[in-house]
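Asks: Below are the C-alpha cells for one structure; questions will follow.
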Amino acid sequence: MLCLPAVGSPVLHRSSPDWRDQVLYFALTDRFDDGNPRNNDQGAGEFDPRRRSHYSGGDLAGLTRRLDYLRGLGASGLWLTPPVANQWVDAAGGYTGYHGYWAEHFMRVDPHLGSLADYQRLSRELHRRGMVLVQDIVVNHTGNFFQHGPGWDPADPAASWQLNTGSKPVTAPSQPPFHLNDPRRAEDRAAAVYHWTPPVADYGDRHQELTFQMSGLDDLNTENPAVRRALRQSYGHWIRAAGVDAYRVDTAFYVPPDFFDDFLNATDPQAPGIAQVARQTGRRDFLVFGEGFGIDKPYRDEQALKIQSYMTAADGRPLLPGMLNFPLYGALNDVFARGRPPAELGHRITRSLQLHARPHRLVNFIDNHDVDRFLAGGSEAGLRQALLAMFTLPGIPVIYQGTEQGFRTPRAAMFAAGWGSGGRDHFDTAAPLYRSIAELARLRREHRLFSRGTPTVLHADSTRAGAIAWRMDHAVGGTQQQALVVMNTAESEVLVERLATGAPPGTRLRGLPALGPRADDRRVGADGTLTLRLPPRSAFVWRLVPGGRAVATTRTGPPAPQLDPLPATVFNDSAALSGSAVPGQALQLVLNGDLATAQAVTAGPDGRWQALLDTTPAADPALVHRVSVFDPGSGSASAPRSFRVERPWRPLADVPDPAGDDTGPTGQYRYPTDPSWGDNRQLDLRRVQVSGAGGALRLDLGLHRLTQSWSPANGFDHVAFTIFIELPGQAGGSMVMPGQDGALPAGLRWHRRLRVHGWSNALFTADGASATQEGTPATPAATLAVDAARHTLSLTLPAAALGGLKSLSGVRLWVTTWDYDGGYRALASEPGGHSFGGGAPGDPKWMDASEIITLP
C-alpha cells in the first residue's frame, strides 16, 4: 500500500485521507482561471466570454497555478467539473458544453481544458501540497446528439428519432460503444446502449426518471452490461492515468441504485470496479459521492430517505459511500437566507443522524453552479452563519468557487477575461469572506470533534428567525470532548431561557474564535442550564471544559420571575397573563424569544404583575409559540410556557387575468423555441387571489399551466414571479424593476419585492435597489406551496416580512411573470431555445402582469 506523501512529494498516486476531515473547493473549470489562452477557441463558434452560455477560457493550467490560493483558504481538496471531451455546441438549445456535463468521449481531456499531461500536472501539484483531487463524472447520459419528435413509440424508436444536426464538433459520441446511437441501424438497436426515449415529462414517475432524457440529454441504458463495462473502463482510466482520489457522480438519481454496486465492486478482470482500481493504486478508501437533487419540505424526509437508498441497499449492502446533502442545503438556505424558523434546521440535523448510516460521508454545501448563490437572496451575515453551521456539523464541507469573494451570480468567472467577472480577477486573499472561511477551516482542523463528532440539538426556535444551539460530542481515547454552537438568525436580539446544556454544573465554557471576537468564557449553572441574550445575527462557539465550581443555587440577586399557568392553550386575540416577582421589579414579557418586541411589565407592591400579550404577529395555527418573563437586571428568566394562535384568513381580493395575454407590454413578445415551453404557456397569469390574517399576507397565483420539466426544487419551472408590494404610510420605496429593464406603472412604489422561481425564493427591501441591484435581502421570505392539479402557486408572508403590519389595508400589489436562470432570461428580436423574442435588449422583461391590486 502506498503511504500518504509528504508535502513536497510530486506523486501521481497517494493513499486515501480520512474523508471526514477534508474541506473541498468546487471549481467550474471554464469559469475559474485561464492559464493557457491558446486553447480557448477551438473554431466551432463556442468561445465567447461575453455570453453566459459560451466558453470563457478557464482550464487545467489555470487551476494548477491557483492551488496556493485554495490551500490558503483552508481547502484540502479540489473538486472540478468533468474534464472529459464534450459536445461543444448544441445549436438547438443555443448553448455550449463549457460546463463539462455533455460528454462525447469519456476517456479524453477536452481540448479547451488542456491535455492529459496538464491534468497529471494538476494532480501531482495537489498531492505535493497534501491535497486531494476529486473529479466530477457522469454515468447517466452523454450530450444531446439526438431527440425524438412527435409520435414517439417505445416499440419503434426509429420512427421519431431525429439527429441533432446543430451539434459540434461531432454529431455522435466518438467513443465506442456510445457511438451506436442511431436506432435506424440494426446494429445500434441491438447494442441497446441508449434508452431511446423523449425528455422526462413527470419526475414523479420513477420509470421516466430512470429511463427518459433529462433536459434532452441522451439517456444511457445503465442496466446494459456493455454500458456498465464501458463506464467502468472509462472511469478506471482516470484513477490510473491522472491520479484521481475521489469521484462526484452527477445525476445519480437518474440511474438505478444497484448500478453503483457494479460500478464500484465488479470483478471483471478487464474492467474491474472502481474501488478495486483505486486499491491497486494505493487508495483503500476511494470516496464516491452522488448528486441526488432532492430538497425536503420542513419536517419531511422523503428526499433524505431516497438519498439514503443510494448509500445503502434495502438488504443492507453498502452502495455509494457518500451523497451530496441536498436536504441540509435546503434547510441552511431557508433558515439563514430566508429567515425560516431554526427548528427546521434542527429537525434536519437530528434526522440526518437517524436516517443515514454514514452521516460523516455526506457532502455539505451552501450553494453551487446549479442553484442561486446564497447572496442572491441572503445577507452576508446569514452566509457567515450558514458557513459556521456547515463547518461544525457532520459531513464534508464544500466551498463553491466565488463564495469566498462574495459572488452573487452562479456561474460568473473568477478571472478578468471570463463571463460575469466585471473585468477583474477575484483571487483576493484579503477578502473578508476568504479570511472568515480560512478561520472556520482552521477551527475544524484544530478541533476534530467538529468533523468527527455527533451533534445534539439543544434549542431551536420554532415560530420565527431566532436561536439555535447544538452540542458536539466526540470520544477520543476514553475522553469525551464537547463543544457548544449557538447562533441567532434574527435581525434583533433574542433570549434563550434556561438552555439545558447536558453538561455538569460548573462546566466551563471556553470561547473559541468563530465569526468574530472569541466568545466570553462562561460557566454552566447549578441546574445545568444557561440563559443567554444573543445579539442580532450573532454566533458563538465554546469548548466545554469539565470541572470547576458550580454556580450556587442560592442567588445573590433577586429570585427569577415567575409566569403563572396560561389561561388557555389556544388564543385568537390578545392573552391576559400574570405572574410574580420582587415588588417593583421591572420585567420584560418576551414572545418567542424576541427581545425587540418585549413588553415592559412591573411587579406591583404585592409582588404580582399582569399584562395583555399581543398575539398579532402570530397567524399560523400549526406553530407552537412560547412566552416567558425576563429580568434584564439579573439576567434570569421564568420557564417558558407554550400556546397556539388561531386567526382566520380573510379573503381580500380576487382578480381574474385574461387568458392569452402573455405577450409582454407590447403584445409582441414570444416564448422560447424549446419544446418545453410551447403550448404550456407557463407565464400566462390567470388569477390572483389575496387573503389576510392580521398583517400576514397570502397570494394564490393561478397559471395556464405549471410544469416541472427540470425537476425544480420549488415544484415548478419555466416561470419566475416578481411581486412588488407597496406598504401604506411608508416613505421611500422605489419604482425601478431590478434586472427587468422597466419601471412600475401608475406611480406604484415598492417597499418589498419578491422574486420566486423553481430554484429561488428571495425577499428584498428597496434600500440600494437600482436597475442592476435587487435591493437589500430581507427575511422572512415567503412560504411556498404548489397545487399542481390547479396550476396554482401559493405564497405566504408573515407580518414580520412586511414590517410588522397590524393590518393589510392600503397595501398595493403588482404581480409579473418572466423566467430566471441566474438572472432574468434574455430578450431579443427572435426567440432562442431558452430566450424570449419579440423585443430588443433593454425592453421591459415581463410576459404577463396583474392589474395593480389595492387591498381594502
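Asks: Read through the list (1) modelled with pLDDT of 95 or more; (2) of a type outside the set (A, V, I, L, M, F, W, C); (3) part of a loop (DSSP other than H, G, I, E, B); (4) over 30 Å from N164 (Cα atoms), then give the number of the only condition that S9 fails.
Replies: Among (1) modelled with pLDDT of 95 or more; (2) of a type outside the set (A, V, I, L, M, F, W, C); (3) part of a loop (DSSP other than H, G, I, E, B); (4) over 30 Å from N164 (Cα atoms), S9 violates only (1).
Asks: Then there is this: Output the number of residues of the stretch 615-646 satisfying the condition of being among the hydrophobic types (A, V, I, L, M, F, W, C) and free of Cβ contacts under 8 Å to residues at least 60 places away in the same chain.
Replies: Adding up the residues that qualify gives 1.
Asks: Further question on the same structure: I'd like to check something: does the stretch 815-829 contain any residue that is among the small types (G, A, S) and more than 28 Å from the chain's Cα centre (by Cα)?
Replies: Just the residues of the stretch 815-829 that are among the small types (G, A, S), to begin with: 822-823, 826, 828-829.
When the remaining residues are screened for being more than 28 Å from the chain's Cα centre (by Cα), the result is 828-829.
Yes - at least one qualifying residue is present in the stretch 815-829.
Asks: Of all the residues that make up the stretch 785-800, how many are open to solvent by 30 Å² or more (accessible area, probe 1.4 Å), under 17 Å from D334 (Cβ atoms) and either touching a Pro at 6+ places or on another chain (Cβ under 8 Å) or of a type in the set (A, V, I, L, M) (or both)?
Replies: Going residue by residue through the stretch 785-800, those that are open to solvent by 30 Å² or more (accessible area, probe 1.4 Å) are 785-791, 796, 798, 800.
With under 17 Å from D334 (Cβ atoms) added as a condition, the list becomes 785-786, 796, 798, 800.
Now drop any that are not either touching a Pro at 6+ places or on another chain (Cβ under 8 Å) or of a type in the set (A, V, I, L, M) (or both), which leaves 785-786, 798, 800.
The number of residues fulfilling the criteria is 4.
Asks: Going through the stretch 192-251 one residue at a time, which ones are basic (K, R) and either within 25 Å of Q147 (Cα to Cα) or surrounded by fewer than 21 Cβ atoms within 10 Å (Cβ to Cβ) (or both)?
Replies: In the first step, residues of the stretch 192-251 are kept if they are basic (K, R); the result is 206, 228-229, 232, 240, 248.
Residues satisfying the conditions are R206, R228, R229, R240.
Asks: While we're here: Would you call A560 in contact with a Leu (Cβ under 6 Å, 6 or more places away or on another chain), aliphatic (A, V, I, L, M) and modelled with pLDDT under 95? Talk me through it step by step, then tell me what you get.
Replies: Numbers: in contact with a Leu (Cβ under 6 Å, 6 or more places away or on another chain): no; aliphatic (A, V, I, L, M): yes; modelled with pLDDT under 95: yes.
It is false that A560 is in contact with a Leu (Cβ under 6 Å, 6 or more places away or on another chain), aliphatic (A, V, I, L, M) and modelled with pLDDT under 95.
Asks: Six or more apart or on different chains, Cβ atoms under 8 Å: show the pairs whose first residue is in the stretch 585-614 and more than 12 Å from V494 (Cα to Cα) and of a type in the set (S, T, Y) and whose second is open to solvent by 30 Å² or more (accessible area, probe 1.4 Å) and assigned to a strand (DSSP E or B).
Replies: Note: pairs meeting the criteria are T602/A586.
Asks: Here is a follow-up. Looking at the stretch 218-235, is at least one residue part of a helix (DSSP H, G or I), among the aromatic types (F, W, Y) and touching a helix residue (DSSP H, G or I) at 6+ places or on another chain (Cβ under 8 Å)? Let's see the steps before the verdict.
Replies: First pass over the stretch 218-235, keeping only residues part of a helix (DSSP H, G or I): 225-235.
Remaining after also requiring among the aromatic types (F, W, Y): 235.
When the remaining residues are screened for being touching a helix residue (DSSP H, G or I) at 6+ places or on another chain (Cβ under 8 Å), the result is 235.
Checking the stretch 218-235: at least one residue is part of a helix (DSSP H, G or I), among the aromatic types (F, W, Y) and touching a helix residue (DSSP H, G or I) at 6+ places or on another chain (Cβ under 8 Å).
Asks: Could you check, for the stretch 31-54, whether at least one of its residues is touching a helix residue (DSSP H, G or I) at 6+ places or on another chain (Cβ under 7 Å), in contact (Cβ under 8 Å) with a residue 40 or more places away in the chain and not in a loop (DSSP other than H, G, I, E, B)?
Replies: no
Asks: Which strands (runs of 3 or more DSSP E) sit wholly inside the stretch 90-177 and have at least 1 residues that are aromatic (F, W, Y)?
Replies: Fully inside the stretch 90-177 and qualifying: 103-109, 146-148, 161-163.
Asks: What do you reckon, is A568 in a loop (DSSP other than H, G, I, E, B), under 23 Å from T463 (Cβ atoms) and more than 37 Å from the chain's Cα centre (by Cα)?
Replies: On the way: in a loop (DSSP other than H, G, I, E, B): yes; under 23 Å from T463 (Cβ atoms): yes; more than 37 Å from the chain's Cα centre (by Cα): yes.
Against the criterion (in a loop (DSSP other than H, G, I, E, B), under 23 Å from T463 (Cβ atoms) and more than 37 Å from the chain's Cα centre (by Cα)), A568 qualifies.
Asks: Right, here's the next one. Consider A500 carefully, then state whether it is closer than 20 Å to P561 by Cβ and open to solvent by 10 Å² or more (accessible area, probe 1.4 Å). Explain how you work it out, then say what you get.
Replies: Working: closer than 20 Å to P561 by Cβ: yes; open to solvent by 10 Å² or more (accessible area, probe 1.4 Å): yes.
Spelling it out, A500 is indeed closer than 20 Å to P561 by Cβ and open to solvent by 10 Å² or more (accessible area, probe 1.4 Å).
Asks: Sticking with this structure for a sec: Given (1) within 31 Å of the chain's Cα centre (by Cα); (2) in a strand (DSSP E or B); (3) among the aliphatic types (A, V, I, L, M), where does A618 come up short, assuming only one miss?
Replies: Status for A618: all satisfied but (2).
Asks: So, one more: Just checking, how many residues over the stretch 117-154 are open to solvent by 10 Å² or more (accessible area, probe 1.4 Å) and closer than 24 Å to F259 by Cα? Before the answer, list the steps.
Replies: Narrowing the stretch 117-154 to residues open to solvent by 10 Å² or more (accessible area, probe 1.4 Å): 117-118, 120-121, 124-125, 128-130, 144, 147-154.
After this cut, where a residue has to be closer than 24 Å to F259 by Cα as well, the list is 144, 154.
Result for the stretch 117-154: 2.
Asks: If you check every pair at least six apart or on different chains, which have Cβ atoms under 7 Å apart with a residue in the stretch 107-135 that is touching a residue at least 60 places away in the same chain (Cβ under 8 Å) first and a residue that is acidic (D, E) and open to solvent by 10 Å² or more (accessible area, probe 1.4 Å) second?
Replies: Between residues of the stretch 107-135 that are touching a residue at least 60 places away in the same chain (Cβ under 8 Å) and residues that are acidic (D, E) and open to solvent by 10 Å² or more (accessible area, probe 1.4 Å), there is no close pair.
Asks: Can you name the residue in the stretch 178-188 that is in a loop (DSSP other than H, G, I, E, B) and charged (D, E, K, R) and, of all such residues, is most open to solvent (accessible area, probe 1.4 Å)?
Replies: Of all residues in the stretch 178-188, those in a loop (DSSP other than H, G, I, E, B) come to 178-185.
Going one step further and asking which of them are charged (D, E, K, R), we end up with 182, 184-185.
Working: D182: 13, R184: 142, R185: 112 Å².
Once the filter is applied, the top-ranked residue is R184.
Yes/no per residue for (1) over 25 Å from the mean Cα position of the chain (by Cα); (2) buried (at least 20 other Cβ atoms within 10 Å of the Cβ); (3) on the phi > 0 side of the Ramachandran plot:
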site	(1), (2), (3)
I437	no, yes, no
A441	no, yes, no
H447	yes, no, no
I468	no, yes, no
G477	yes, no, yes
T489	no, yes, no
E493	yes, no, no
G511	yes, no, no
A526	yes, no, no
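The values are calculated or read from the model by the stated rules, or taken from the named source; none is laboratory data. Please read these numbers as outputs of a predicted model, since none were measured by experiment. Note: ideal-geometry Cβ built from the backbone for every residue, glycine included; neighbour counts use all protein chains shown. SASA here: full protein model, heavy atoms, side chains in, ligands and nucleic acids out. Shrake-Rupley method; radii C 1.70, N 1.55, O 1.52, S 1.80 Å.
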